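Colleague: Below you'll find the structure I mean.
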Amino acid sequence: MNIKTIGIIGSRVAGLATAKSLQNAGFTCEIFEKSQKLSGVWTVEYHNFGLQI
């Protein structure tokens with residue numbers, strides 16, 4: 001299989017984590033996001049809410 005680039009739709013937590021994992025495995029990723037900023041709602045609506053990992 002000759003995969004050149006993997007497209008990821010959405011730059012929320014799951015999209016960014018997926019891109020990071022795929023890049024660590026040697027793949028090239030391109031993230032598509034409809035808003036101007038990465039991380040989706042985490043940068044706007046949850047400004048006083050912390051992400052627990």
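Colleague: Could you tell me how many of the residues in the range 1-17 are farther than 18 Å from S35 by Cβ and among the β-branched types (V, I, T)?
Modeller: Going through the range 1-17 one residue at a time, the tally reaches 3.
Colleague: Scan the range 1-26 for residues that are among the polar types (S, T, N, Q) and either at pLDDT below 85 or open to solvent by less than 100 Å² (accessible area, probe 1.4 Å) (or both) and jot them down. Don't jump to the end; show me each part of the working.
Modeller: In the first step, residues of the range 1-26 are kept if they are among the polar types (S, T, N, Q); the result is 2, 5, 11, 18, 21, 23-24.
Residues satisfying the conditions are T5, S11, T18, S21.
Colleague: Among the numbered criteria (1) under 10 Å from the mean Cα position of the chain (by Cα); (2) at pLDDT below 95, which single criterion is violated by C29?
Modeller: Only one criterion is unmet by C29, namely (2).
Colleague: Then there's this: Would you please list the contacts, defined by Cβ atoms under 8 Å and residues six or more apart or on different chains, that run from a residue in the range 12-41 that is without any contact (Cβ under 8 Å) to a residue 60 or more places away in the chain and among the β-branched types (V, I, T) to a residue that is assigned to a loop (DSSP other than H, G, I, E, B) and open to solvent by less than 60 Å² (accessible area, probe 1.4 Å)?
Modeller: V13/S39; I31/G10; I31/S11
The values are calculated or read from the model by the stated rules, or taken from the named source; none is laboratory data. Values in this document were obtained by computation on a predicted structure and should not be read as measured data. Glycine also receives a Cβ, built like all others from the backbone with ideal geometry; neighbour counts cover every protein chain displayed. Ligands, DNA and RNA are stripped out before the accessible areas are found, and what is left, the full protein with its side chains, is counted by its heavy atoms. Shrake-Rupley method; radii C 1.70, N 1.55, O 1.52, S 1.80 Å.
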